[in-house]
Amino acid sequence: MNLPIDTAQNDARKNQDIAALAKGGRTNVFGFVLRLAARIPFLFIAGRLYGPEALGRFAYAILIIEFAAQLASMGLRRGLAEILSAQDDGQKPHSHVVADALFIGLLASAIGAAILIALPQLMFPNSGINGMDRFLPLVIFFIVMTDIALSALAYRFDIASSVRARAIVEPWTISIAAGVLYFYSARDGLIIAYVLSIVAALIVAIYPLWRSYGLAWGWRPDFPNLAAITRRNLPLAAADAAEWGSRRLDLAILGLFASPAIVGIYYVAQQVASLPQKLKTSFDPILGPVITRNLKTKQYGEIAKQVGQVGFWIIAAQAGIALALGIPGEGVMGLIGPQFVGGTGALAFLLAAEVAAATSVVSEAALVYMARLRNLWISLAMLGLQVLFSLILINAVDLIGATGHTRGLFQAAAVALALMLALGVSSVIKARLLAKLLDHQISIWRWPLVWAVTAATIIGVTATYLPEWAELSLGIPAILCMYGWIIWTRGFGAEDRALFRKEKKPTPDAPQPML
């Protein structure tokens, strides 16, 4: 039974929620800049030293590994916030709840790793099994433990640990290791570097988890309880896998039709486009606790407001980044290597897909708690729609008479366009469902976005007439400055500006992020 909340407490909680979302947003924007600074060296090293074919082999293996890790996390990346929230009364220590989550994740990881070790061809379908390739699935344990640890920290508003692990340690480790290990093995260097980066991220995540939650003294595995948690989280785990799969299914489909070199080119475009994706996925840990607390007190209007607020922040940031990377796309892809320039079309559609997906993702942040099964079915239907669109568009490529390498590049653009269309449909359906459940309108779209995109596009197209070095060094900052100025002056209100305003003093009743 929910206790009534008086007006003063309600207002304080609203301010606390906005402050928490804004602080998480500031940290995530900073983390995005760090990811960008680290991701570009990795793509440059991988493209210039290893080449498209080695990169394609690496990309497909990691695709399978991370899909298995996604399933093994059992939806606890987002579901853990609800479980911890249910124990806020102290009935069960939070350290024991986290221990339960880690235990479930490790058991599921063992199953996934065993299957892939027994069937390594699933990871390397078009190449031989070399050296220690068969044992690559052991990295699943480290991925799952890191995800759960960072989710537990995010529940206490510690987003800084996620930034350290995901935006600093992991990307810089793989970048540096890939460069050094090339001289050890041009065949296996990328995979070894990936393993090192995952292990390093886990080390950085575990220490703050121990500081925040302590050791789970007296914990024992309660198998009936663990089974209940697993059953309850299965729809969420499937929805997470569907959402994650929507970002990888395109690569898997392309791999069935195109050569490893085309897959490698597409992978680079996908990695560049995934930079703005990190902005929205990194809001999940901070949005989840805020939503679950408001659900307990039936503050549905606040949930609608928070989803709309975060949705606008994400779309505003993603649209600006998409313009800055997409308009000078040939120059951006050319930085990785001249053979990657042909992936510019795929890059443009992938960047547009991230903008189209933003509404779906923030709506799903609430739907996973309010309508798990319906959200799951929508996600699965979206995957089916993506497959259908992909097959139709790939077959349409043959109708225009493209052949050879050009045909493969057109196929890459086709699967990216299919992803954009499917995510757009998903966004519309999920936003409408959430608005119906909350009985409040979800207001994400704002007209100043159109003005900002128009002005930035004019600046960007003008910059394409400059030499490539000037297009990148002058054009990209000019696009971002024009876009950002219009969003700040015309699109942002007082609460939006909290995203960039540090609080003078911490909220007394809210756990503070560790910096």
Segment 232-373 - percent of accessible surface contributed by carbon and sulfur, probe 1.4 Å: 66
Alpha-carbon centroid distance for the pair segment 76-124 / segment 361-404, whole angstrom: 27
More than 14 Å apart - percent of Cα-Cα pairs taken over segment 359-423: 63
Kirkwood hydrodynamic radius of segment 158-211, Cα pairs, Å: 11.4
Cα-Cα separations in segment 62-199 greater than 19 Å, expressed as whole percent: 57
Whole-Å semi-axes of the ellipsoid equivalent to segment 129-267 (Cα gyration tensor, √5λ, descending): 31, 22, 15
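Once the cut-off is 16 Å, how many percent of the Cα-Cα pairs in segment 91-133 end up in the long-distance tail? Let's see the in-between values first.
On the way: 493 of 903 pairs.
Distances greater than 16 Å cover 55 percent of the Cα pairs.
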D_trans [Stokes-Einstein, Kirkwood Rh over alpha-carbon pairs] for segment 351-470, 37 °C, 0.692 mPa s, µm² s⁻¹: 194
Pairwise FRET efficiency - R232 versus F135, Cβ, R0 = 45 Å, nearest 0.05: 0.85
FRET efficiency, S274 to Q91 (Cβ-Cβ, R0 60 Å, nearest 0.05): 0.90
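Taking each pair of different alpha-carbon atoms in segment 286-347 once, compute 1/r for the pair, average those values, and report the inverse of that mean as the Kirkwood hydrodynamic radius in Å to one decimal.
Numbers: mean 1/r = 0.0699 Å⁻¹.
Averaging 1/r across every pair of different Cα atoms and inverting gives 14.3 Å.
Excluding ligands, DNA and RNA, what is the solvent-accessible area per residue of segment 284-386 at a probe of 1.4 Å, expressed in Å²? Numbers along the way, then the final one.
Values: 2690 Å² over 103 residues.
Per-residue value: 26 Å².
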Calculated FRET efficiency for the pair M370/A114, C-beta based, R₀ 41 Å, to 0.05: 0.70
Largest-first principal axis extents, alpha carbons of segment 169-246, Å: 51, 35, 18
Relative contact order, percent, segment 109-172 [alpha-carbon distance under 8 Å, six or more residues apart]: 29
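The values are calculated or read from the model by the stated rules, or taken from the named source; none is laboratory data. The structure displayed is predicted, hence computed values, not measured ones. Here Cβ is always computed from backbone atoms with ideal geometry, including for glycine, and neighbour counts include all displayed protein chains. Surface areas here come from the heavy atoms of the whole protein model, side chains and all, with no ligands, DNA or RNA. Shrake-Rupley method; radii C 1.70, N 1.55, O 1.52, S 1.80 Å.
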